[in-house]
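Novice: Pasting in a structure now, in structure tokens, and then I'll have a few things to ask.
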Amino acid sequence: MKKHNFSAGPSILPQFTIEKTAEAIKDFAGTGLSVMEVSHRGKEFVAVMEETQALFRELLNIPDNYSVLFLGGGASLQFCMVPYNLMKTKAAYLNTGSWSSKAIKEGKFFGEVVEVASSKDTVYNYIPKGYEIPADADYFHYTSNNTIYGTQIRKDFDLDIPVVCDMSSDIFSRQIDVSKYGIIYGGAQKNLAPAGLAFVIVRNDILGKVDRPIPTMLNYQTHIDGGSMFNTPPVTPIYAALQTLKWLKEKGGVAAMEKINEEKAALLYDEIDRNPVFKGTVLNKEDRSLMNVCFIMNDGYQELEKDFLEFATAKGMSAIKGHRSVGGFRASIYNAMPKESIQALIDCMQEFEKTHVK
Ligand SMILES: *Cc1c(COP(=O)(O)O)cnc(C)c1O
């Protein structure tokens, strides 16, 4: 039976990425060796690194005054690297979920954190609006896509202070204007590559302004100067990322992907809104994530949650259980998720409706 992978992360990757990476694990670039067992400073891997950086820049239209880094430590290490490198006295944070909260916690080790707004009161089911961002903050930090709660901020902020964004779960899913950001970072395991790789896009001139000493490995400048090869980078995930970027370019790039993502998400949200057995957890339509679609059983059907999970799982829907803090269901529909899989989930919902609607 075909499996439809709705996992939130690590998550579905293009079949192209999996096949090409499997080939290179056996024989990398005609070397007769595995990509896992060659030097990262050999000419074959240096070529991979250069091509990955170049395609990354091309697909996101990254200006020349930004560096692109591939680091270990996941997005979570960036929660600490950002304030380490940027915070002089205080920074502003928008709290839209668990990942934002974790970033805030790390920020507090380095100075004052101004939480400009929070949607914690209602389990983060909306994006706060109408708050003020202090103009004297060293930077403003937010999470663009809240993987757990299914909310998303799809506009670029236009601020006079550096904007720092955790785009772990929506990088390459929609068009962005990189020139409006100081730092964009994320873990690669949602839309790009297997786990073990974090990407950081940093505007060079915002660095070097803090007085504190920064340990070598936690200093962005180290990795910029070292061409993202100061130490051994996550070689195999970078190889896989390159394959995903090639696949994305072949699909027409980020603009084409955004359009497909809008269509895919609309299919599923329309069904959630129509089907009397289910309801969405994010009520403001403009706050709904195109990547993580959260829904629960509608009033009167709550006792059927386990039944639907079993029914859908038996039909090949994998990992649709919602995060424990929200309950219900979460369908993560990243770039690599084909429309047919979303249709398969919708078919399950409609079949379940027919047999259970009151
Ligand atoms: C998954 C995720 C993280 C955590 O990434 P790690 O690579 O596991 O550290 C951080 N932020 C967001 C928005 C995520 O979705």
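The values are calculated or read from the model by the stated rules, or taken from the named source; none is laboratory data. Just so we're clear, the structure is a prediction, and the values are computed from it rather than from any experiment. We place every Cβ from the backbone using ideal geometry, glycine too, and count neighbours over all the protein chains shown. The accessibility values were calculated without ligands, DNA or RNA, using every heavy atom of the protein model including side chains. Shrake-Rupley method; radii C 1.70, N 1.55, O 1.52, S 1.80 Å.
Novice: So, with a 1.4 angstrom probe, what is the percent of accessible area on segment 15-250 that is carbon and sulfur?
Specialist: Here carbon and sulfur together make up 51 percent of the probe-accessible area.
Novice: Give me the 1.4 Å probe accessible area per residue for the chain, excluding ligands and nucleic acids, in Å².
Specialist: It amounts to 42 Å² per residue over the chain.
Novice: Which order do you get for Asp64, Asp160, Asp205 if you rank them by accessible area with a 1.4 Å probe, largest at the top?
Specialist: Most to least solvent-accessible, the answer reads Asp160, Asp64, Asp205.
Novice: Where does helix 74-86 land angle-wise versus the long Cα axis of the chain, in degrees 0 to 90, nearest 10?
Specialist: The helix 74-86 is inclined about 50 degrees to the chain.
Novice: Please work out the FRET efficiency for the pair Lys155 and Lys120, using the Cβ-Cβ distance as r and a Förster radius of 22 Å; give the result to the nearest 0.05.
Specialist: 0.50
Novice: Please tell me the relative contact order of segment 254-356 in percent, rounded to the nearest whole number, where contacts are Cα pairs under 8 Å and at least six residues apart.
Specialist: Worked out over segment 254-356, it gives 30 percent.
Novice: Rounded to a whole number, what % of the accessible area of segment 254-356 do carbon and sulfur atoms account for, probe 1.4 Å?
Specialist: 53
Novice: Below 10 angstrom from the Cβ of Thr143, what's the summed charge of the other residues (Lys, Arg +1; Asp, Glu -1)?
Specialist: Its environment carries a net charge of -1.
Novice: Also, quick follow-up: So what's the gap between the Cα centers of segment 233-294 and segment 127-162, to the nearest angstrom?
Specialist: Cα centroid to Cα centroid, the span is 20 Å.
Novice: Right, something else. Under a crude label model (7 Å from the Cα following the beta-carbon direction), how far is Glu250 from Gln175 in nanometres?
Specialist: Inter-label distance under the simple model: 2.4 nm.
Novice: Please give the helix 339-356 orientation as an angle from the longest Cα principal axis of the chain, in degrees from 0 to 90, rounded to the nearest 10.
Specialist: 30
Novice: Helix 235-250 versus the longest principal axis of the chain: what is the Cα-based angle in degrees, 0 to 90, to the nearest 10?
Specialist: For helix 235-250, the angle is close to 60 degrees.
Novice: May I pose another question? With a point put 7 Å past each Cα toward its Cβ, work out how far Val38 is from Gln343 in nm, to one decimal.
Specialist: Spacing of the two 7 Å Cα→Cβ label points: 4.0 nm.
Novice: Return the distance in nm (one decimal) between the two label points of a simple spin-label model at His356 and Ala47, each offset 7 Å from Cα along Cα→Cβ.
Specialist: The answer from the label model is 5.4 nm.
Novice: A follow-up question, please. Along the Cα-to-Cβ line of Asp270, 7 Å from the Cα, sits a label point; which residues in segment 319-358 have backbone N less than 20 Å from it?
Specialist: The answer is 331-335, 337-354, whose backbone nitrogens lie closer than 20 Å to the label point.
Novice: On to the next question. Test of understanding: what is the full-extension gain from Ile214 to Lys105, defined as 0.36 nm times their sequence separation minus their Cα-Cα distance?
Specialist: Difference between extended and current length: 37.4 nm.
Novice: Of Gly187, Gly42, Gly72, which has the largest mean-square fluctuation in a 10 Å C-alpha GNM of the chain?
Specialist: In this elastic network of the chain, the residue with the biggest mean-square fluctuation among Gly187, Gly42, Gly72 is Gly42.
Novice: Output needed: percent of Cα pairs per 10 Å distance bin for the chain, bins running from 0 to the one holding the longest distance.
Specialist: 5, 24, 31, 24, 12, 3, 0
Novice: When the chain is fully extended, how far beyond the present Cα-Cα distance does Asn204 get from Thr31, taking 0.36 nm per residue of separation?
Specialist: Separation in residues times 0.36 nm, less the Cα-Cα distance, equals 58.7 nm.
Novice: Please compute the contact order of segment 15-250 in relative form: average sequence separation of alpha-carbon pairs under 8 Å and at least six residues apart, divided by the residue count, as a percent.
Specialist: RCO, segment 15-250: 27 percent.
Novice: Identify which of Ala47, Ala198, Ala319 has the largest mean-square fluctuation in a Gaussian network model of the chain, with springs joining Cα atoms closer than 10 Å.
Specialist: Ala47
Novice: Computed over the Cα atoms, what is the radius of gyration of segment 297-341 divided by 2.2 N^0.38 Å, N being its residue count?
Specialist: That ratio works out to 1.25.
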